[in-house]
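To start, the structure under review is shown below, and the notes come after it.
The values are calculated or read from the model by the stated rules, or taken from the named source; none is laboratory data. This structure is a prediction, so every number in the text was calculated from the model and none was measured. In this analysis, Cβ positions are derived from the backbone assuming ideal geometry, glycine residues included, and neighbour counts consider all displayed protein chains.
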Amino acid sequence: MRSMLRPEPMTRVLVAGPKDQLEPMIESLYALKLVHLVDHHGEDDVITIGKPLAKAAEVSEQLVRLRSIANILNVAEAKEQEPAEPTADLRQQIVTLEVNLREEDEARKRMESLISDLDRRIESLRPFAILRVPLETYRGYTSLEVLVGRVTEDVIGLEAVAPENEVVAGEGVVAVFVPTASADKVREFLTKFGFAPVDVPQGEGSPANLLAAAESDRQKWSDRLVEIEDRIGTLRAKYAQFVMKAEDVLEVEIEKAEAPLRFAASEHSFVVDGWMPSSRVDDAMRALAGLPGVLVESMPDDESHEEADAPPVLLKHKGAVKRFEFLTKLYSTPSHDEVDPTAFLFLLFPLFFGLMIGDAGYGIVMIILGFVLSSKLKDSPDFADLMRVILYGGVFAYIFGMVLYGEIFGIPFHPPVENPHELSWSALLGYYIPYEPPIHKLEAFGVIDLLLLSVVASVIHLSIGYVVGFVNEIHHNKKHAASRVGWLFVLVGLFAFFAVLGRSHDLAAPVPRVVNFLFFDRPPLVWIPAAGLSLGSMSVPYFSIALIVIGIAILLPTEGGLAPVETISLLANMMSYTRLAGVAVAKGAVALAFNTMLLPLIINEDLFVTTGAVQFNANVAFIILGFVLIFLAHAMVLILGAISASIQAIRLNYVEFFLKFYKGGGTLFSPFGARKRKMEA
């Protein structure tokens, strides 16, 4: 159990040595990629925080300059090609590239500034080019004021405000020459026509000619800018991969150079504190043994430390289970001393998802999409994992769709008994499918079966949670461990009530329900005595009451006086699982509704209803339209169903299940030297 459900065991390591061995020791630790460093905070006057290596300032300067180059080159747009490996004289390479690039970048900025100024000049000249009045005409008056601006409609009636005026108008532009005394009234009058004033640009002569000259200059400088961009693009193509690789190298060097800031140090020595997987301690010992004066001390985790000093968590799943780690981390990283729930998510999330989708057709589509997208999106690990999770959910959706529900794209294998003329695959194919699925989602009997199956799922799921909670707490807090036992008694007591309620009254002629065949009419549930306390038309088994009372008796000293009230919340948890039935029925009903509405476009509905024969419509356009609409409708059902089923499945695990045992709050194992390279990402 430790190997599968627990994080990797950790060992505390202390590495101490003389200052002259600090840099070789850092190189060794970085190469090992095994030690999760614990930062020293310098609380002691003698043992303080270490200082960066001497090369740190120089490497930092090179990294800043390189990132400036990367920003100028916009290396993100560079096409993938074989990278040029940085040489030993990386500083000289960066200086040479910076000199070559600086002149082009400055020229580009000058061109961009000129073009920006010309754009403003062109924009200011456009309205005056429409009016065709020389620019000097708008200036130089002492008794006149010139109002120029854009308008939304033609200006009329100006004479009533300023009898003396001169108006020059063009499309959407107007210039009004009026006496200075009338300027304010005219300005207010023009607002009725959406007047927005514009400034008279500098210059003299024809604005049309000035506009043409400005546009010509802009084109000239734009062509020059294109040439500069092409030259920078050539440099990008040549050096972008080198810049990315060099940046990667420098980031490694700066991480090494600044590592002493995380160490404890005195005047002549250093101490490194950290954690590593217990299985790799010998490897670290061998790697550091060759450093003169360096001592390594290891202390296996005895789980007696403070929470702030807890070891990091290394999740060690492989294969399909590892795809579900992101769901666990999305909630919280497991603590080092508790059960890792990822394996449970691997089993239970696809199971609940498939039970809610329950359609073989949708399942096949999800399997294909999940496989294709997870293969294509390897550069986005989290999204690839999500698509693989959808694939696993699609597998269960296919299994439940074929075996439990007998449904493909919302059409059942056989019509329900009460509606024999309903659409079915047997009728469409003209062949009786020799398999009778146990549950028809849209029959009243099938809905009840699904609700009872949801209750069974709740008991199994919550019981696992309480058992795991007991395992987590038994070595830390026996009182809390005992409370999990009390809740388990209450849970089984509540389930006993449902088991007796759903049991067939005559076992010789049992109710034809899946839940009865598998659970309620089978040992050990059939052994639960039915005798109980009558509450109106309902009877609560004495067996159920006894278990609940025992559970409360355990909970009172362990959980407190509110435990009897909180048993109601456990009942609410159980009822929450009926969402499994609700989503399954809703998805089936929506798919059936679309099929019922759109299939008559493809087949002759009257003939099908009266004789059961399938005949395509004579209108080919209707057939094509029908297939297109059905495709879109089922795509919508698939997307909404997958989103809803995913949300509900993860909610049942996060809220109902995790809260029974899972605390989280752990720190992910992040060893010194383990970092994703940009060239690998």
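Is there any pair linking a residue in the range 656-674 that is touching a residue at least 24 places away in the same chain (Cβ under 8 Å) and surrounded by 14 or more Cβ atoms within 10 Å (Cβ to Cβ) to one that is of a type in the set (Ser, Thr, Tyr) and outside any loop (DSSP other than H, G, I, E, B), with Cβ under 6 Å and at least six apart or on different chains, and which? From residues that are touching a residue at least 24 places away in the same chain (Cβ under 8 Å) and surrounded by 14 or more Cβ atoms within 10 Å (Cβ to Cβ), the pairs are Glu656/Ser576; Lys660/Tyr466; Gly673/Tyr30. When you look at Pro412, is it within 30 Å of Phe608 (Cβ to Cβ) and touching a Ser or Thr at 6+ places or on another chain (Cβ under 8 Å), yes or no? Yes; evaluated as a whole, the condition is true for this residue.
Restricting Glu204, Glu255, Glu247 to residues that are touching a residue at least 40 places away in the same chain (Cβ under 8 Å), within 29 Å of Lys316 (Cβ to Cβ) and either in the same structural domain as Asp105 (by TED's automatic domain parsing) or not basic (Lys, Arg) (or both) narrows the list to Glu255. Regarding Val186, is this residue modelled with pLDDT of 90 or more, part of a helix (DSSP H, G or I), among the β-branched types (Val, Ile, Thr) and surrounded by 15 or more Cβ atoms within 10 Å (Cβ to Cβ)? Yes: the conditions hold for Val186. State whether one or more residues within the range 113-133 are more than 60 Å from the chain's Cα centre (by Cα) and farther than 30 Å from Glu227 by Cβ. Checked against the condition, which is being more than 60 Å from the chain's Cα centre (by Cα) and farther than 30 Å from Glu227 by Cβ, the range 113-133 yields at least one hit. When residues in the range 513-532 are screened for being touching a residue at least 60 places away in the same chain (Cβ under 8 Å) and assigned to a loop (DSSP other than H, G, I, E, B), 1 of them pass. The helices (runs of 4 or more DSSP H) located wholly in the range 533-646 that include 3 or more residues which are surrounded by 13 or more Cβ atoms within 10 Å (Cβ to Cβ) and under 41 Å from the mean Cα position of the chain (by Cα) occupy 542-559, 563-576, 579-598. The requirement of being at pLDDT 90 or above, assigned to a helix (DSSP H, G or I) and under 18 Å from the mean Cα position of the chain (by Cα) is fulfilled somewhere in the range 332-344, by at least one residue.
Looking only at the range 221-250, which residues are among the acidic types (Asp, Glu), surrounded by fewer than 16 Cβ atoms within 10 Å (Cβ to Cβ) and touching a Lys or Arg at 6+ places or on another chain (Cβ under 9 Å)? Before you say what the answer is, go through the steps one by one.
Filtering the range 221-250 down to residues among the acidic types (Asp, Glu) leaves 223, 227, 229-230, 247-248.
Retained after the next criterion (residues that are surrounded by fewer than 16 Cβ atoms within 10 Å (Cβ to Cβ)): 223, 227, 229-230.
Of everything in the range 221-250, just one residue is among the acidic types (Asp, Glu), surrounded by fewer than 16 Cβ atoms within 10 Å (Cβ to Cβ) and touching a Lys or Arg at 6+ places or on another chain (Cβ under 9 Å), namely Glu229.
So for the range 389-401 (the condition being among the aromatic types (Phe, Trp, Tyr), farther than 17 Å from Ala591 by Cα, at pLDDT below 85 and surrounded by fewer than 22 Cβ atoms within 10 Å (Cβ to Cβ)), does at least one residue qualify?
Going residue by residue through the range 389-401, those that are among the aromatic types (Phe, Trp, Tyr) are 392, 396, 398, 400.
From what's left, farther than 17 Å from Ala591 by Cα: 392, 396.
Narrowing the set further to residues that are at pLDDT below 85 leaves none.
No; the residues of the range 389-401 include none that is among the aromatic types (Phe, Trp, Tyr), farther than 17 Å from Ala591 by Cα, at pLDDT below 85 and surrounded by fewer than 22 Cβ atoms within 10 Å (Cβ to Cβ).
Could you identify the single residue in Tyr466, Tyr432 that is modelled with pLDDT of 90 or more and more than 24 Å from Val511 (Cβ to Cβ)? Write out each step before concluding.
Details: Tyr432 fails: modelled with pLDDT of 90 or more.
Step by step, each of Tyr466, Tyr432 is checked, and only Tyr466 is modelled with pLDDT of 90 or more and more than 24 Å from Val511 (Cβ to Cβ).
Across the range 40-57, the qualifying residues are those that are within 13 Å of Asp273 (Cβ to Cβ) and hydrophobic (A, V, I, L, M, F, W, C), and the one among them that is modelled with the highest pLDDT is Ile49.
Taking residues in the range 325-339 that are without any contact (Cβ under 8 Å) to a residue 24 or more places away in the chain, and partners anywhere that are among the hydrophobic types (A, V, I, L, M, F, W, C) and part of a loop (DSSP other than H, G, I, E, B), the pairs with Cβ atoms closer than 9 Å and at least 6 places apart or on different chains are Thr328/Leu315. Condition (residue is in a loop (DSSP other than H, G, I, E, B), out of contact with any Phe, Trp or Tyr (no Cβ under 8 Å at 6 or more places or on another chain) and either surrounded by fewer than 17 Cβ atoms within 10 Å (Cβ to Cβ) or at pLDDT 85 or above (or both)) applied to the range 145-152: is it met by at least one residue? Scanning the range 145-152 turns up no residue that is in a loop (DSSP other than H, G, I, E, B), out of contact with any Phe, Trp or Tyr (no Cβ under 8 Å at 6 or more places or on another chain) and either surrounded by fewer than 17 Cβ atoms within 10 Å (Cβ to Cβ) or at pLDDT 85 or above (or both). Restricting the range 416-471 to residues that are in a loop (DSSP other than H, G, I, E, B) and among the small types (Gly, Ala, Ser), which is surrounded by the most Cβ atoms within 10 Å (Cβ to Cβ)? Checking each candidate, the answer is Ser424.
Quick check on Asn472: is it within 31 Å of the chain's Cα centre (by Cα) and not hydroxyl-bearing (Ser, Thr, Tyr)? Walk me through it before giving the result.
Numbers: within 31 Å of the chain's Cα centre (by Cα): yes; not hydroxyl-bearing (Ser, Thr, Tyr): yes.
The answer is yes for Asn472.
Report whether or not Glu82 is part of a helix (DSSP H, G or I), surrounded by fewer than 16 Cβ atoms within 10 Å (Cβ to Cβ) and at pLDDT below 90. So Glu82 fails the test.
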